[in-house]
Structures are given as structure tokens and as C-alpha cells.
Amino acid sequence: MRHIALPVGSLLLFLVLWQLLAASGTWSETLVPSPAKVWDAFVDVSTTHDGVRGYNGTTLVEHLGISLRRIALGAGIGIAAGVVFGLLMGTVGWVRSLFEPWITFLRTLPPLAYFSLLIIWLGINEEPKVTLLAVAAFPPVAVSTTAAVAAVPKSLIEAARALGASRWDVVRDVVVPSALPETLTGVRLAVGVAYSSLVAAELVNGLPGIGGMVKDAANYNNTPVVVVGIIAIGVSGLIIDGLLLRLERTVVPWRGRT
């Protein structure tokens, strides 16, 4: 009951404080809309009202679905590349020396720093958005996989080789299972970074898309729709992180146990 009561209680407390702040009149409703106005905006962007379908002709679920497809494609590419590079850098010393500084350099760059360059190179359609999300998701997985592979106990590798295992057998049967828990943690971090880069990815030609909806609503000071979009991004992010956590517990059930 505690695991349910605490989150629900904190949510109710947040809504009460939000309502009190909105009703106090300290700020205008343009800056701090009440929960009721945000709920009305949620209903408006989720249905057809006054002959208008959703926001800009697209419902909230459709906006979110398009953005999730972009994240799935972009983050999927970045995660796959990160795992491959992490395995290579963790097992081959010269590969790590060659690529690790570049990955660190890329990891420290904010998405907006290179998004304009991607638009110049790739145009304003889907390519720069997917590329931005892939580039954002790549470093966390590469770094975590590299560290996990480098931390595999040497005794396990030597024992496998003593039993006649080839280099590929060692990687497949020893290195990958040992590195998998940290790699999955890197995947969760990568998806979070991709989510945090979503609005940046949809700054240009982002409609339809939840980040594009937030950006367009902000241009017109439509704060309730902005809040609806932020909540939709956050809630969907929580759900996806929960699914990834469940996957991690299923794939590596021994983690955290002695």
C-alpha cells in the first residue's frame, strides 16, 4: 500500500499546491494556468471540438505516437551503434584510444549545438530529427558498455580460454553476459537523453509531433497546451522507463543479488 499511497499522495499534494498558486493571483493565468484549464486543453487537443480536430488537425495521441516513432528509430540506431562500439572499445585497446575522446566530446555537446548543422546537411524533414536523437542516444550506451566490458573479471576470460574457447566464444559467452547489466543501464540513460532532446529535434518542421506541438503552442503563449505536452512527454517517458526496467529485471534477474 505504501508504494501506491506515496506517489498518489504526492500527486494530490502537487495538484493542491498548483491550484493554490494559480488561484493566488501572484502570476497571470498565461504564466501559471490552473489545473482545470490544463484539463480543458487536454480534452481539446485529444478530441474534435468546434470543428477542429486536436491541435493543428492532429490529436494528442497522434502527436505522441509520431514522436515516439522518431525516438524509437533514432534511439534504436544510436543504441545499436553504442553497443557495437562499446564492445569494440572494451576488447580492443587501440580502438578505445582512437574513439573514446571523440565519444566524450560528443557526449558533452548539447543537442542544439549541432542541430542547425544537421538541418543544413540533411534538410528539414525526418532525417535531421532522427539523426539528432541517434547522436544523443549513442554516447551513454557506448560509455557504459565500454566500462562494463573492461570490468569483466580476467579470471573468467582466462578460464574460458583454458577450456578451448575462441575469441568469439569468449565475447559471446563471457563478455556479453557480464556486461549486459551495465549495458541495459546505458540503454535506459540513452532513452532518457533522447527524450530530453525531443523538443530540440522537433524545433523545425516538428508538426505533427509532441515536441512540435509544445514549440508551436509556446509561440502563441498557449501555456495550457504547453503544459499538456510536457505532461504527455513525462508520463510516456515514465512508462517507457518502467518497461525498460522490467526488461532489465527479466534479462538479468541476478543483478543486485548475492
Residues 29, 62: which one is among the charged types (D, E, K, R), under 27 Å from the mean Cα position of the chain (by Cα) and under 20 Å from residue 225 (Cα atoms)? 62
Within the range 21-46, of all residues that are over 14 Å from residue 222 (Cα atoms) and at pLDDT below 90, the one surrounded by the most Cβ atoms within 10 Å (Cβ to Cβ) is 22
Within the range 69-87, can you find the residues that are among the hydrophobic types (A, V, I, L, M, F, W, C) and crowded, with 17+ Cβ neighbours inside 10 Å? 71, 75, 77, 79, 83, 85, 87
Taking the range 87-116 and keeping residues more than 21 Å from residue 176 (Cβ to Cβ), among the aliphatic types (A, V, I, L, M) and in a helix (DSSP H, G or I) leaves 98, 106, 112, 113
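Where residues in the range 91-101 are of a type in the set (A, V, I, L, M) and in contact with a helix residue (DSSP H, G or I) (Cβ under 9 Å, 6 or more places away or on another chain), which of them is surrounded by the fewest Cβ atoms within 10 Å (Cβ to Cβ)?
Taking the candidates together, the pick is 98.
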So residue 104 passes all but one of these: (1) exposed (fewer than 15 other Cβ atoms within 10 Å of the Cβ); (2) in contact (Cβ under 8 Å) with a residue 60 or more places away in the chain. Which condition number does it fail? (2)
Show me the helices (runs of 4 or more DSSP H) entirely contained within the range 188-258 in which 1 or more residues are open to solvent by 70 Å² or more (accessible area, probe 1.4 Å), without any contact (Cβ under 8 Å) to a residue 40 or more places away in the chain and more than 20 Å from residue 111 (Cβ to Cβ). 223-251
Please work out if residue 246 is out of contact with any Gly (no Cβ under 6 Å at 6 or more places or on another chain) and modelled with pLDDT under 85. no
Can you name every one of the helices (runs of 4 or more DSSP H) wholly within the range 120-184 that holds 3 or more residues which are within 27 Å of the chain's Cα centre (by Cα), in contact (Cβ under 8 Å) with a residue 12 or more places away in the chain and within 18 Å of residue 84 (Cβ to Cβ)? 126-150
Could you give me the residue pairs with C-beta distances under 6 Å whose first residue belongs to the range 27-48 and is closer than 22 Å to residue 211 by Cβ, whose second residue is in a helix (DSSP H, G or I) and polar (S, T, N, Q) wherever it lies, and which are 6+ apart or on separate chains? 30/223; 33/223
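The values are calculated or read from the model by the stated rules, or taken from the named source; none is laboratory data. Computed from a predicted model, the values in this text were never measured in an experiment. Neighbour counts run over all protein chains shown; Cβ positions are idealised from the backbone, glycine included. Only protein heavy atoms, including side chains, enter the accessible area calculation; ligands, DNA and RNA are left aside. Shrake-Rupley method; radii C 1.70, N 1.55, O 1.52, S 1.80 Å.
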